[in-house]
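Accompanying notes for the structure given below.
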Amino acid sequence: MKQRSVGLKAVSLLSMLFLYGPIVVLVLYSFNAAHLSMAWRGATLKWYAALVHDEALLAATANSLFIALVSTIGATGLGGLIALGMEQMSHRRQQLLEGSLVLPLVIPEVMMGVALMLLFVMFKMPLGLTTVILGHIVFNIPLVTIMIRTRLRKLDPLLREAAADLGADSWQVFRYVSLPLLRPAIWGAVLVAFTVSLDDFLVTFFTAGPGATTLPLKVYSMIKSGVTPEINALSALLLVVSMMCVAGSLYLQRREV
Amino acid sequence: MRRSDPSPSMATFSTSPVIASGQSLPSTSPTIDIRAIVRRHGSVAAVDHVSFQVQRGEFFSILGPSGAGKTSVLRMVAGFEDPDEGDVLIDGRSMLGVPPNRRPVNLVFQSYALFPHLTVSENVAFGLRMRRVPGALIDQQVQQALSMVKLIGKEARKPAQLSGGEQQRVALARALVNKPAVVLLDEPLAALDQQLRQAMQVELKSIQEQAGLTCVCVTHHQEEAMMMSDRIAVMHQGRMWQVGTPREVYENPRTLFVSRFLGVSNELPGRLGEVVREAQLFHPADDRLPGFPVRTGPGEVPGRPATWSLRPEQLRMSSERPSVQDPVLPGVIEKVLFAGSETKYLIRVGREHLWEARATGAMQPSFASGDPVFLQWALADGRVFFE
């Protein structure tokens, strides 16, 4: 009994190491004073300081944040409406729509990126910020819909009946009962959509044009000329922001009203 | 196909009409007037030509087992469902096609359905806010409602921080603060434990009387219905079988189902025999048992199959054969169940019938299981039901 639990602990420890080891190394070396070397030469924050003075990097950051913000708002609005609309549908239609919603999550992202690019080219849309934002909205809608829908289905339908019984019309039922109860799920979806948009590489890669370079694209282009501690520092920052967003989202989804 | 007569089997000596007037109330037109409503689920009629009226200030209960269609009736009054046939009138106005938010009724849900994100006072204020009542007036009326249900001091709590009994009170306050024409109660006390349930029965009744509320209550709990109601309607398989005061329905059930559902029914199947003086003989199907006189309606045909029934408290037990002229049957005590304030006796009568008798307090005769007893009752107490 004792032995088995020791074995179990070892296995889970190894798995954690396997998962997070590379990330820990990456973050660690963002503090390494040595340039272009895996040898440890003491801790420093100079790479982080260097990021702030890199004009191109700052532009990419601004692009990333703008794209994430706008696409999150768009995806949350549309995805939320889909989730609410689905409640009114027959069970069969709900299943059908649910299936088609999951599809973008399972098809290879490269295909989605290429498909979006072809579509934009077909409509003669110049590739740029707009196309990237549209692309991000497309892959974030299913995420948002599924998250809000999960919460919606947990809501007691009697609450809506109770509100109607107390004189609320359908708008008031939504405004004063459904919406407040969905709020944690909506904020959770916002944070996840924001993170996914911020971190996305493939779809962005195919839909971005000149002037629409995002942070992940910037990292990719910097890597071509070798892995510098500057990249490590940038990645570490992205990582921290993403993890904070995901943690916030998880907290919101677990919290009871 | 209309089957509005809710008495498929005949009562023998009930003289009350189907719709008893109950505590005759002065009001002229009923607050609720349900006219032959039908509600179908596929080919099955969940509610089958149900009609009843509720007077102002009356506590009216619809009693029946689960699946009887009683909740469906309540939902049709509240407006969540519309009848396939018939009409629902509240204060003389037809409610067909009127959505729940425009009906002058409020429902207390079985699960309470309190808004989890709102405090106690916000929950109670909800109906007033939806109707855009001025803020100062809302505060005053919410306080009034909360004091009526004894929840002063808990205004700022969330429903999750309240006990089951307190949640029940919030649900009640949330309905009655709107001063609805009718308060609808769906199994209001079902979620409470036994002791709390009994305390709330008394309290609910006194709130109803104090506020002069008109209530329609749905329940499967016969004791609850009898203790709180001015009138009871017994529902089964989508139909209303009897409507009357608790006493009428308990003492003069019109069908065997009503008799069984409202309490313990000691029964013997058999057939009617010849007429002797003002009574008629009843021959139990169990040939070990002697025939005995029963009261029937005039001109009942001898030989007609019937079931005879008697309430446990109408049964007297003695160890000697009694000399009085009342009907008597022999039996053997099978089990003695001591329940504190009373003792229940299970008595074997004939081959297969197990009857129940009760003895209370100081009058408890001491019988033990295996003792032979003579069972006696007043001729007028027994009732005969036909299939």
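To test your reading of the geometry: what angle, between 0 and 90 degrees and rounded to tens, separates the Cα axis of helix A:229-254 from the longest principal axis of chain A? Orientation of helix A:229-254: about 20 degrees from the principal axis.
Excluding same-chain neighbours fewer than eight residues apart, the aspartates and glutamates reachable from A:Lys218 by a Cα-Cα span under 15 Å are A:Asp54, A:Glu55, A:Asp199, A:Asp200, A:Glu230. The mean sequence separation of alpha-carbon pairs under 8 Å and at least six residues apart, normalised by the residue count of region B:266-385, gives a relative contact order of 30 percent. Helix A:55-87 axis versus longest C-alpha principal axis of chain A: approximately 20°, rounded to the nearest ten. Counting only residues at least eight positions apart within a chain, or on another chain, the aspartates and glutamates with an alpha carbon under 13 Å from that of B:Lys150 are B:Glu166, B:Glu203. Within the listed set B:Val328, B:Val47, B:Val249, the Gaussian network model of chain B (springs between alpha-carbon atoms below 10 Å) gives the highest mean-square fluctuation for B:Val328.
Other residues with beta-carbon under 11 Å from the beta-carbon of B:Pro305 carry, at +1 per Lys or Arg and -1 per Asp or Glu, a net charge of +1.
Partner shielding of B:92-104 amounts to 2, given as the average count of beta-carbon atoms from other chains within 10 Å of each residue beta-carbon. Other residues within the sphere of radius under 14 Å centred on the Cβ of A:Glu98, judged by their own Cβ, net out at +3 (K and R +1, D and E -1).
Ranked for footprinting exposure by Cβ neighbours inside 10 Å, fewest first, B:His220, A:His53, A:His35 give A:His53, A:His35, B:His220. With the cut-off at 26 Å, tell me which of the pairs B:Lys154/B:Lys205; B:Lys205/B:Lys344; B:Lys158/B:Lys179; A:Lys154/B:Lys205 have Cα atoms farther apart than that. Among B:Lys154/B:Lys205; B:Lys205/B:Lys344; B:Lys158/B:Lys179; A:Lys154/B:Lys205, the Cα-Cα distance tops 26 Å for B:Lys205/B:Lys344; A:Lys154/B:Lys205. Arranged from fewest to most other beta-carbon atoms within 10 Å of their beta carbon, A:Lys124, B:Lys335, A:Lys218 become A:Lys124, B:Lys335, A:Lys218.
Can you list the lysines whose alpha carbon sits under 18 Å from that of A:Lys46, skipping same-chain ones fewer than 8 residues off? List returned: none.
Ranking of B:Phe282, B:Phe80 by neighbouring Cβ atoms within 10 Å, starting from the fewest: B:Phe80, B:Phe282. Where the centroid of each part is defined by its Cα atoms, how far is region A:208-257 from region A:142-198 in Å? A separation of 29 Å, based on Cα centres.
Structural descriptor for region A:1-86: relative contact order 12 percent, calculated from alpha carbon pairs under 8 angstrom and at least 6 residues apart. The relative contact order of chain A, computed from alpha carbon pairs under 8 Å that lie at least 6 residues apart in sequence, is 31 percent. The Cα-based radius of gyration and maximum Cα-Cα distance (Dmax) for the protein assembly as shown are 36.9, 121 Å.
Give me the net charge for the shell around B:Asp326: Cβ to Cβ below 10 angstrom, other residues only, Lys and Arg +1, Asp and Glu -1. My count for the surroundings of B:Asp326 gives 0.
Taken together, the values in this text are just the output of simple stated rules run on the coordinates, not laboratory data. Computed from a predicted model, the values in this text were never measured in an experiment. With ideal geometry, Cβ positions are generated from the backbone for all residues, glycine too; neighbour counts draw on all protein chains shown.
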